[in-house]
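Here's the structure we're looking at; comments come further down.
Read the figures in this text as sums done on the coordinates, not as results from a lab. Because the structure is a prediction, the values reported are computed rather than measured. In this analysis, Cβ positions are derived from the backbone assuming ideal geometry, glycine residues included, and neighbour counts consider all displayed protein chains.
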Amino acid sequence: MNLHEYQGKSILKGYGVSVPFGIVASSPEKAFEAAKEIQKHTGFDKWAVKAQIHAGGRGKGGGVKIATSLDEVRESADRIIGMMLVTPQTKKEGKLVRKVLVEQNIYYPGPEKVEEYYLSILLNRDKSKNMVMYSPRGGMNIEQVAKETPEEIFTEVIDPLVGLTGFQSRRIAFNLGLSGVAFKEMVKFSLALYKAYVGADASLFEINPVIKAADGRIYAADAKVTIDNNSLYRHKDIAAMRDTAEEDPLEVEAGRFDLNYVKLNGNVGCMVNGAGLAMATMDMIKMSGGNPANFLDVGGTADAKRVEEAFRIILKDPNVKAILVNIFGGIVRCDRVAQGVVDAYHNIGNIKVPIIVRLQGTNAEEGKELIDKSGLKVHSAIHLEDAARLVNEVLA
């Protein structure tokens, strides 16, 4: 589950990670009041006004503004709230901004030069261990740094039994070129960040940039946080942060029926039971000349009602030109799936796209008989090769 920046920072703050003082606002007037409160709390008269969407690169798209007066805060919030913000990580139409984060200025004057760094924590799948990835060249173009000067990207692989050690934290600060107060601050910062990562059951913490302020203090100027969905049952407070308005509406609807659905950009809808079979089915569709329009796993206990709802969700995608149902009946009964196909045809009505159904396993013969006797225009297949051929034919 992805979080907004302000939500991620609230988690970080709870673990002792230094973050700028900020207040989220859903209107220009609330942003104005937030800026006054921040000024009262910090004494600074300069603010950052930042769009809150589930995407990076907001500064490049005009979603981050620096304001030097209260009126500028209000004006910036008025421009940002309600805009369709397009960034390198959004679709071409962009994302609607519903709220902004107003934060204190952390580029305040002092004896040292302000510096920006990159620091993230994620799973290294090759080593099956967590990893800190960091660079002395933080900011908006970290992807370019990784491509052009990979020697400036450092990593620390973490032993899960020990966690991030003091030695590793000091090496992070050393490789970032820090000394004095900033060195000590970065050691504390990285240790607290890893504690937050583990404590929140996160799958990604990306802080870009990490700021060394002019007085040597270290701040998480941004926070991209992704939480492992499988852990949300033990983090009710984090689960309550879910913003379904930022998610694909079809995926949200599928979740209400316990369907594992991910929308893709192809033209063949998939309905399968089991993630492995779903991946194989998508490969088969690709090899037959089509492109998968979705990943949809109805689960091992699917009944006729869930299958019908799955059909409704797939058919809401206007790009779908055909639907392939590929079921292996182990726990799930093929006749129940077949009944769901028949019910969907009758209850939804006016289904114009061709449907290919392949049933194998428990009660597969009964399922095929149900479909054959229904009088519906459904293409039956026994083998994967038959299903692939039918997909190719209906798309021709």
(request) On a 0 to 90° scale, report how tilted helix 304-315 is relative to the longest principal axis of the chain, with both axes built from alpha carbons and the result rounded to the nearest 10. (result) 70
(request) Name the long-range amide H neighbours of LYS46: under 5 Å, sequence gap of 5 or more, or other chain; modelled H, no Pro or chain starts. (result) ASN105
(message) Given the -39500 (n - 2.57) contribution per DSSP H run of 4+ residues, what per-residue ellipticity at 222 nm results for the chain, rounded to the nearest 500 deg cm²/dmol?
(response) -11500 deg cm²/dmol
(request) Show the residues, 5+ positions off or on another chain, whose built amide H is closer than 5 Å to the amide H of GLY329. (result) GLN360, GLY361, THR362
(message) Suppose the chain between MET287 and LYS36 were pulled fully straight at 0.36 nm per residue; how much longer would it get relative to their current alpha carbon spacing?
(response) 84.4 nm
(request) Kindly rank 199-207, 332-340, 106-114, 248-256 from highest to lowest mean number of other beta carbons found within 10 Å of each residue. (result) 332-340, 199-207, 248-256, 106-114
(request) Based on other C-beta atoms within 10 Å, arrange MET133, MET282, MET271 from fewest to most. (result) MET133, MET282, MET271
(request) Any chance you could check the Cα centroid distance between region 187-257 and region 1-75 for me, in angstrom? (result) 16
(request) Let me know the charge dipole size of the chain about its Cα centre in debye, to the nearest 20, where only the beta-carbon of Lys, Arg (+1) and Asp, Glu (-1) is charged. (result) 480
(message) Expected output is a single nm value to one decimal: the length gained when fully extending between LYS129 and ASN265, i.e. 0.36 nm times separation in residues minus the C-alpha distance. What is it?
(response) 45.7 nm
(request) At 20 °C and 1.002 mPa s, grab the translational diffusion coefficient of the chain from Stokes-Einstein with a Kirkwood Rh over Cα pairs, rounded to a whole number in µm² per second. (result) 90
(request) Using θ = phi - 60° and the Karplus relation 6.51 cos²θ - 1.76 cosθ + 1.60, list the HN-Hα couplings for region 360-369 in order, rounded to whole Hz, with x at every Gly or Pro. (result) 9, x, 4, 6, 5, 5, 5, x, 4, 5
(request) Obtain the nm distance between the two label points defined at ARG170 and TYR233 by a simple spin-label model: each point lies 7 Å from its Cα along the Cα-to-C-beta direction. (result) 4.3
(message) What are the ³J(HN,Hα) couplings of region 148-156, residue after residue, when phi is run through the Karplus curve with 6.51, -1.76, 1.60 and θ = phi - 60°? Round to Hz, x for glycine and proline.
(response) 8, 9, x, 5, 8, 9, 10, 9, 10
(request) Show the residues, 5+ positions off or on another chain, whose built amide H is closer than 5 Å to the amide H of VAL357. (result) VAL325, HIS379, SER380, ALA381
(request) May I ask you to evaluate 6.51 cos²θ - 1.76 cosθ + 1.60, the Karplus curve with θ = phi - 60°, for each residue of region 56-69 and list the ³J(HN,Hα) values in order in whole Hz, giving x for glycine and proline? (result) x, x, 5, x, 5, x, x, x, 10, 10, 9, 10, 10, 8
(request) Give me the angle, in degrees from 0 to 90, between the Cα long axis of helix 70-80 and the longest principal axis of the Cα atoms of the chain, rounded to the nearest 10. (result) 20
